[in-house]
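Each remark here refers to the structure printed beneath this line.
The values are calculated or read from the model by the stated rules, or taken from the named source; none is laboratory data. Just so it is clear, the structure is predicted and the values come from calculations on it, not from any experiment. Using ideal geometry, Cβ is built from the backbone for each residue, glycine included, and neighbour counts are taken over all protein chains shown. These accessible areas exclude ligands, DNA and RNA; they are computed on the full protein's heavy atoms, side chains included. Shrake-Rupley method; radii C 1.70, N 1.55, O 1.52, S 1.80 Å.
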Amino acid sequence: PVVKEILLRADTISEDAVAVLCAALRSNLQLESLHLFCPGLGSFGAESISYGLYSNRHVRCLGLQNCGLGDVGCIALAGLLCKRSCCLEWLSLRGNGLKPKSLCTLVGAVGTNQSLLSLDLAENRPDFDVVGELTESLKANTVLKSINLQACGLGDADVKRLSQCFTYNNVLSVVELDGNPDITEAGMWFFAQALDENHLVDSVHMNRAEEE
């Protein structure tokens, strides 16, 4: 049978298993989706998977949720997004506790990436500089349609800065900001003003309550 999707949930995953998986990524021409929910994957696993995908032009969806990627893993994924051969269309890094330095590198890569349609960075902790870098990337990006920043500790200043991208971006249509209780009515107003100039955004989620 042809395997087109792998979904793996495990508390731990050995380096040997990661090596086998990466070898498969380099040679498998049928796999389209890889979803891992493995807290033990860590930086080594994420870095290895990124390198495995460097030569794979068939995987379109990559989910590494709650995998403890760390800075090294995040930066390796940024390198993958910078590759002209990158074919990823959907990337979820939800719940990895990624730090500002590596997040800056990752969102910076979004500016030049020409394949990614959906990016999920929910439940990480970007700072104001990361939001600034993301804003600049979204100004330049011409393909990304959806971004998820749920429960990222964002506030009014972050939303004001992020909303600046809509003057330049005519592709992004879905923005998810649920679970950011520090976004007040003032932040919502900034966003609404920006959307007056951009009628392509058709879905904004901004429930300020923390997600349970």
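Rounded to the nearest 0.05, what FRET efficiency do residue 5 and residue 44 give with R0 = 25 Å and r taken as the Cβ-Cβ distance? Could you check? Intermediate values should be presented prior to the final figure.
Details: r = 24 Å, r/R0 = 0.95.
With a Förster radius of 25 Å, E is 0.60.
Measuring nothing but protein heavy atoms, the accessible surface of the chain at 1.4 Å probe radius is 51 percent carbon and sulfur. With a simple spin-label model that places each label point 7 Å from the Cα along the Cα-to-Cβ direction, the separation between residue 51 and residue 14 comes to 2.0 nm. Of the listed values (i) 63, 46, 46; (ii) 44, 43, 35; (iii) 51, 31, 30, grab the one calculated as Cα extents along the principal axes in Å from the structure here. So the calculated entry is the one marked (iii).
Pairs spanning more than 23 Å between alpha-carbon atoms, out of 139/160; 4/139; 101/139; 4/99: 4/139; 4/99. Looking at the chain, the accessible area is 47 square angstrom per residue; that uses a 1.4 Å probe and ignores ligands, DNA and RNA. Here's the picture: a label point sits 7 Å out from the Cα of residue 204 along the beta-carbon direction, and within region 107-132 the residues with their amide nitrogen under 18 Å of it are 131-132.
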